[in-house]
Ligand code: ATP
Ligand code: MG
């Protein structure tokens with residue numbers, strides 16, 4: 001589906017703004033193209049217009065002994081000429097061409113025409129006739145300008161309304177989509193990048209239409225109306241000016257092809273920068289702990305440099321081959337047209353007047369102006385397409401099966417039967433994993449970073465699906481985990497993530513989290529897991545607001561809240577990805593106590609970074625490169641004197 005069709009899904013709901021935008025753009029262009037005609041009339045017909053053909057009349061203006069006006073066209077014609085700061089009147093219609101005065105004759109191309117010199121009084125009489133015309137023209141001009149301004153205002157307001165309304169709709173849909181999204185779609189990207197997309201990419205949807213309308217309607221109408229205007233003034237010159245069009249089309253095609261690639265690169269780099277910044281800001285404490293600020297800054301510098309290079313390439317393209325080039329082109333065309341007209345005038349082929357030159361100058365500028373806009377808007381257009389592509393990747397991504405049915409709680413037996421799994425279909429993240437967990441057991445998963453601990457959890461939670469290239473199966477209570485829809489399946493699983501997440505709301509809403517529970521249950525749960533200190537922090541009021549993702553709470557406290565959240569849902573199986581960051585010993589023992597409470601009569605799987613957490617586990621599974629290298633309880637593994645022993649020694653520092 002192309003970008004326009006995709007965006008139309010959203011534009012459609014607000015199409016009245018689109019149509020009003022188009023309608024008023026047409027009005028604007030129409031009226032905007034009238035003003036050169038009016039100004040040309042003032043200049044040529046009203047101010048300089050006393051020269052030219054007049055007709056004998058019984059109640060006209062007296063010049064050189066005759067009365068003349070401009071309306072009695074069936075009577076004898078006279079010509080008023082302007083030569084060397086003086087006006088003359090001659091009988092008949094004089095041809096065009098350079099005029100000279102020799103004696104009492106006007107000489108044009110060697111032919112003599114008798115002429116009478118007009119007095120100043122006679123001239124001012126004639127000019128008076130023009131005053132009403134000038135007044136009319138000025139009123140027209142003001143009217144035309146007013147209508148153009150109002151039309152342009154409504155057009156812009158409509159465009160803005162289209163943008164804000166579609167952006168609102170699409171943001172709503174994207175956020176709603178996240179509820180059902182298959183986690184695999186977003187987890188491969190940094191959170192900041194995804195968030196940046198949500199904000200800026202959603203604007204792209206309406207921008208595609210507003211840019212397109214601006215570009216195409218403005219250009220087409222400006223060219224069409226200007227051509228009509230020029231044609232009315234001078235058909236030959238108008239047709240001559242049209243040779244600009246094919247040249248410009250070729251030019252635009254060249255430019256668009258060039259800009260296509262660059263816009264995409266710039267956009268991509270830009271959102272990577274925002275993503276990186278987000279990561280850095282969110283992870284600043286970790287960066288400091290590991291002293292890796294330097295490394296991060298280096299990586300960021302590279303990305304930044306890349307952006308500078310790509311953006312400058314884009315700017316250069318705009319400057320040299322975009323709107324600057326078109327300005328030069330405009331100058332050339334105007335010079336050429338005026339040059340040819342003047343030449344024709346001198347040769348006596350056509351008469352040229354200042355107003356005509358002014359009008360052509362305006363019309364050529366009016367044709368060029370939207371092209372200028374086109375070059376500016378074109379990158380917007382390309383950026384929009386990229387943005388729409390990305391946003392629809394999210395909107396159209398596969399959804400989890402939303403069906404849900406109540407099922408009996410699990411007993412809590414879990415079997416990993418020879419599981420081999422790969423994220424990319426090539427490099428296995430897990431190989432031949434066999435684990436047999438009985439209900440009520442506590443299992444520890446340990447291993448170096450990248451050894452596959454989270455992958456085991458992802459599979460068990462069904463955050464990632466088995467692909468045809470993968471092998472084996474996971475069973476809960478002898479039932480393959482893909483028997484029910486994901487929603488149903490997860491309803492009796494509890495998970496505590498490595499980074500506990502708190503939402504805007506109160507302590508109570510964060511613990512209840514959609515589950516029906518009384519305030520007493522919440523308080524009891526907190527007390528049960530030994531989290532009275534949290535209650536104290538909130539002065540015993542569980543309806544106090546948690547600020548800013550729990551900014552005033554420690555990591556340990558946040559994990560305690562997550563634990564309470566899980567406990568209130570009472571799942572048979574609890575999965576916990578232990579926080580990696582440093583936790584003080586007091587908090588650690590608090591969490592361990594809470595865990596021991598929560599773990600009663602439940603199957604608990606813990607990804608452990610602190611071996612103290614799983615000292616009492618029934619099984620400790622040691623992973624390396626996606627394989628199980630050791631398996632047993634703490635004492636058994638210590639006596640093996642293998643990998644676990646090595647890790648243990650490292651941690652206790654002996
Ligand atoms: P850590 O202690 O750092 O959390 P881990 O033991 O949880 O590490 P996993 O996240 O399970 O390690 O990663 C196992 C392997 O799979 C690694 O090689 C990792 O690069 C790869 N991997 C993890 N997640 C993905 C993903 N979404 N797409 C592709 N490869 C992935
Ligand atoms: Mg992990």
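The values are calculated or read from the model by the stated rules, or taken from the named source; none is laboratory data. Because the structure is predicted, anything quoted here is derived from the model rather than measured. Using ideal geometry, Cβ is built from the backbone for each residue, glycine included, and neighbour counts are taken over all protein chains shown.
Things to note:
- Wholly within the stretch 201-295, helices (runs of 4 or more DSSP H) carrying at least 1 residues that are without any contact (Cβ under 8 Å) to a residue 60 or more places away in the chain, over 27 Å from the mean Cα position of the chain (by Cα) and farther than 22 Å from residue 170 by Cβ: 218-233, 235-241, 244-282, 284-289
- Pick from the stretch 505-516, criterion out of contact with any helix residue (DSSP H, G or I) (no Cβ under 8 Å at 6 or more places or on another chain) and in a loop (DSSP other than H, G, I, E, B), ranking: modelled with the highest pLDDT: 516
- In the stretch 83-98, the residues that are surrounded by 15 or more Cβ atoms within 10 Å (Cβ to Cβ) and assigned to a strand (DSSP E or B): 83, 87, 88, 89, 90, 91
- Looking only at the stretch 98-116, and only at residues there that are in contact (Cβ under 8 Å) with a residue 40 or more places away in the chain and in contact with a strand residue (DSSP E or B) (Cβ under 9 Å, 6 or more places away or on another chain), the one that is farthest from residue 79 (Cα to Cα): 98
- Test: residue in the stretch 494-503 that is modelled with pLDDT of 90 or more and either out of contact with any helix residue (DSSP H, G or I) (no Cβ under 6 Å at 6 or more places or on another chain) or more than 16 Å from ligand 2 (Cβ to nearest atom) (or both): no
- Options 310, 305; residue that is touching a helix residue (DSSP H, G or I) at 6+ places or on another chain (Cβ under 8 Å) and part of a helix (DSSP H, G or I): 310
- Options 211, 218; residue that is at pLDDT 80 or above, more than 16 Å from residue 366 (Cα to Cα) and touching a helix residue (DSSP H, G or I) at 6+ places or on another chain (Cβ under 8 Å): 211
- Residue pairs meeting the criteria (Cβ under 8 Å; at least 6 apart or on separate chains; first in contact (Cβ under 8 Å) with a residue 60 or more places away in the chain and within 10 Å of residue 558 (Cβ to Cβ), in the stretch 498-515; second part of a loop (DSSP other than H, G, I, E, B) and within 16 Å of ligand 2 (Cβ to nearest atom)): 499/579; 500/579
- Residue match in the stretch 551-573 (condition: over 30 Å from residue 450 (Cα atoms), modelled with pLDDT under 80 and surrounded by fewer than 16 Cβ atoms within 10 Å (Cβ to Cβ)): yes
- The one condition from (1) buried (at least 17 other Cβ atoms within 10 Å of the Cβ); (2) assigned to a strand (DSSP E or B); (3) without any contact (Cβ under 8 Å) to a residue 40 or more places away in the chain that residue 72 does not meet is (2).
- Among the residues of the stretch 48-67, those identified as in contact (Cβ under 8 Å) with a residue 24 or more places away in the chain and buried (at least 16 other Cβ atoms within 10 Å of the Cβ) are 49, 50, 51, 52, 54, 61, 63, 64.
Residues checked against (1) within 16 Å of ligand 2 (Cβ to nearest atom); (2) without any contact (Cβ under 8 Å) to a residue 60 or more places away in the chain:
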| residue | (1), (2) |
| --- | --- |
| 410 | no, no |
| 413 | no, no |
| 416 | no, yes |
| 420 | no, yes |
| 426 | no, yes |
| 430 | yes, no |
| 441 | no, no |
| 447 | yes, no |
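- When every residue of the stretch 455-463 is checked against the conditions, at least one turns out to be within 16 Å of ligand 2 (Cβ to nearest atom), touching a residue at least 40 places away in the same chain (Cβ under 8 Å) and surrounded by fewer than 20 Cβ atoms within 10 Å (Cβ to Cβ).
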